[in-house]
Amino acid sequence: MGERVALRPHTVDTLPALKRWYADPELVRLARHRNEPLTGDEVERMVRERFTTAQMLAFALYERVGTAEHLIGSCTLANLDIENGAASFHLMIGEPAARGRGLGSEATRLVTQFAFEALGLHRISLTLFAFNEAAMRCYTKAGFTEEGRMRDAITRDGRRWDEIQMGLLATDAS
């Protein structure tokens, strides 16, 4: 638990918000290779098949306001490879009012701290699209550095954009 955010397991109560967020064209534009919203059935299948595996830890992200908590997003450590000490990170701030306020940076720091300290991971990676400047600020603020680019990897808004690869090592975070 952080100062302003809390990470909790996803429950049946978080499913309606996940369905709403994955149906939001702007969130899809920012975060998914597929440029079409997911249907409710697709979100349920994703939660059932991917959020509950040994290779993924999924967290519901809550903003803490006094003693109350409000669901604002989701984040995951995916492709968990304990033997090699690696995972990939994904973050989605689903609620528009929660964006641009540093909550994603705090959540990112909490998850990476957990990954390094509790899971003993050495490396966390992520990818984002070059036009997603808010994500770049969030991840840079949390300590990630750019490691590479896949040039012209995605088409959005009538043009081609790079997919940026970023990484964070446990030694960077200490």
Restricting to region 49-66, give me the number of residues that are basic (Lys, Arg) and either surrounded by fewer than 12 Cβ atoms within 10 Å (Cβ to Cβ) or at positive phi (or both). 0
Enumeration of residues in region 23-45 that are within 25 Å of GLU69 (Cβ to Cβ) and touching a residue at least 24 places away in the same chain (Cβ under 8 Å): ASP24, LEU27, LEU30, ALA31, VAL43, GLU44
Return the pairs, sorted by first residue and then second, in which the second residue is assigned to a loop (DSSP other than H, G, I, E, B) and modelled with pLDDT of 95 or more, the first residue lies in region 117-139 and is closer than 16 Å to LEU91 by Cβ and of a type in the set (A, V, I, L, M, F, W, C), the beta carbons are less than 7 Å apart, and the residues are 6+ apart or on different chains. LEU126/PHE144
Residue hits (region 105-115; under 10 Å from the mean Cα position of the chain (by Cα) and touching a residue at least 40 places away in the same chain (Cβ under 8 Å)) are ALA107, VAL111
So MET150, is it outside any helix (DSSP H, G or I) and modelled with pLDDT of 95 or more: yes
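The values are calculated or read from the model by the stated rules, or taken from the named source; none is laboratory data. These numbers were taken from a predicted model, which means no experiment stands behind them. Note: ideal-geometry Cβ built from the backbone for every residue, glycine included; neighbour counts use all protein chains shown.
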